[in-house]
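Asker: First the structure, then my questions, so here it is.
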Amino acid sequence: MNFIILTLLFLYSCNLKLAGNKTTDDVFPEKRPSDFTIVYSENGGMLDISETMFISKDSCYYEKNKYRNIVRVDFRLSDAALDSIYDEVVKNKFNEIETYSKKVYDRGGNSISVSFGDTNFRVSNSGFSFIEKDWTEEYKSVMETVSRYAESEWEKKSSEFLITIENSVNDRVGYIMFDNFKVFDGENPRFNKLGEFTNRLRLAQGVYSMNYKYLNDYKLDSINISDKIGMRIFSKSGRLEWTLY
C-alpha cells in the first residue's frame, strides 16, 4: 500500500514539473498561427534612443526614435516570409531560452516578444537581464532573422538624401551629426574646388535629429525631411543655418 502511494506521489510530482516546463513541441503548433506576432525592440538605456520592429500578418512596421524624433516605415510581409520567421522561432526553441540577472547601471539592450492566441513569451537582453551563454546563438539567430526582414523593408522605402556643407562653416573643433552620420568634421572638412562638399545618405521619410557644436553653440534640432531630397548647411553671422529643398 505504501509503495502504491509513493508511486502515485512520484508520478504527480513529475506531471507538475512537466506542466511548468513545457517543451517547444508542446507550445508551438506545427503551422504558424494566424495571429502570430513578434516584436524586436532595442533601447539605449538612459539615452532617449530606441528601435522597434513589429511583425504580424495584418501589419508590420519598423520605427526608430532618437531624442523623440520618430521615423517609421510601414510594410507587409508575405506568408512565406512570416512562415520563415515563425520556423526560426520554433527551431531555436525560443520559449526555452534562459536568462539570468545581474545588477548593472545604465545598460541598454534588446528584447524579443512572441505571442499568439493566449501564449506570450518575452526574452530580454537589457537592463538587469542577460541571456545565458548556452542560449546566445539561439537568441541571436531569431534577432537577426527579424532584423533582416525589417531592415530590407526599410531600405526599400529609403532614398538618397544630400547634405551639402558650404565652406562658410569653419570651426576646427566643430562637428555636425545628422542622425547617426557625422556630416561635418571641423578637423577634416574636405571642401572641394567649389568650396563645398556633399554627403550622400539613404534615409526614409520622417523627422531626424541633428546635433552639432559650432563655435560656441551646442544644439539639438529636429529636421523634417518629408518630401525633400536634400539640404544645404552654411554659416551666417557666426551661426549655423540651413535650407531644405
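Asker: Considering the range 169-181 alone, what residues qualify as being exposed (fewer than 13 other Cβ atoms within 10 Å of the Cβ) and more than 16 Å from residue 71 (Cβ to Cβ)?
Answerer: Step one: filter the range 169-181 for residues exposed (fewer than 13 other Cβ atoms within 10 Å of the Cβ), giving 172-173, 180.
Hits for the range 169-181 are 172, 173.
Asker: Would it be correct to say that residue 235 is small (Gly, Ala, Ser), closer than 22 Å to residue 67 by Cβ, modelled with pLDDT of 95 or more and assigned to a strand (DSSP E or B)?
Answerer: Working: small (Gly, Ala, Ser): yes; closer than 22 Å to residue 67 by Cβ: no; modelled with pLDDT of 95 or more: yes; assigned to a strand (DSSP E or B): yes.
No.
Asker: Let me ask another. Restricting to the range 183-206, what's the tally of residues that are in contact (Cβ under 8 Å) with a residue 24 or more places away in the chain and of a type outside the set (A, V, I, L, M, F, W, C)?
Answerer: The number of residues fulfilling the criteria is 9.
Asker: Of all residues in the range 159-168, which are closer than 25 Å to residue 67 by Cα and surrounded by 16 or more Cβ atoms within 10 Å (Cβ to Cβ)? So that I can check it myself, show each step before the final result.
Answerer: So in the range 159-168, the residues closer than 25 Å to residue 67 by Cα come out as 159-165.
Hits for the range 159-168 are 161, 163, 164, 165.
Asker: Next question. Just a yes or no: is a residue in the range 130-148 within 27 Å of residue 111 (Cα to Cα), modelled with pLDDT under 95 and not hydroxyl-bearing (Ser, Thr, Tyr)?
Answerer: Residues of the range 130-148 that are within 27 Å of residue 111 (Cα to Cα), as a first pass: 130-148.
Subset that is modelled with pLDDT under 95: none.
There is no residue in the range 130-148 that is within 27 Å of residue 111 (Cα to Cα), modelled with pLDDT under 95 and not hydroxyl-bearing (Ser, Thr, Tyr).
Asker: Next question. Can you confirm whether the range 155-164 contains a residue that is in contact with a helix residue (DSSP H, G or I) (Cβ under 8 Å, 6 or more places away or on another chain), within 30 Å of residue 40 (Cβ to Cβ) and not in a strand (DSSP E or B)?
Answerer: Initially, the range 155-164 is screened for residues in contact with a helix residue (DSSP H, G or I) (Cβ under 8 Å, 6 or more places away or on another chain), giving none.
No, the range 155-164 contains no residue that is in contact with a helix residue (DSSP H, G or I) (Cβ under 8 Å, 6 or more places away or on another chain), within 30 Å of residue 40 (Cβ to Cβ) and not in a strand (DSSP E or B).
Asker: When the residues of the range 221-238 are filtered to those that are in contact (Cβ under 8 Å) with a residue 24 or more places away in the chain and open to solvent by 40 Å² or more (accessible area, probe 1.4 Å), which remaining residue is farthest from the chain's Cα centre (by Cα)? Walk me through it before giving the result.
Answerer: Within the range 221-238, the first condition is being in contact (Cβ under 8 Å) with a residue 24 or more places away in the chain, and the residues that meet it are 222-223, 225, 228-236.
If we keep only those that are open to solvent by 40 Å² or more (accessible area, probe 1.4 Å) as well, we get 222, 228-229, 232, 234, 236.
Values: 222: 20, 228: 25, 229: 25, 232: 29, 234: 33, 236: 37 Å.
Ranking the candidates gives 236 first.
The values are calculated or read from the model by the stated rules, or taken from the named source; none is laboratory data. Owing to the predicted nature of the structure, the values given are computational and were not obtained by experimental measurement. Glycine gets a Cβ as well: all are built from the backbone with ideal geometry, and neighbour counts include every protein chain shown. With ligands, DNA and RNA removed, areas are computed over all heavy atoms of the protein, side chains included. Shrake-Rupley method; radii C 1.70, N 1.55, O 1.52, S 1.80 Å.
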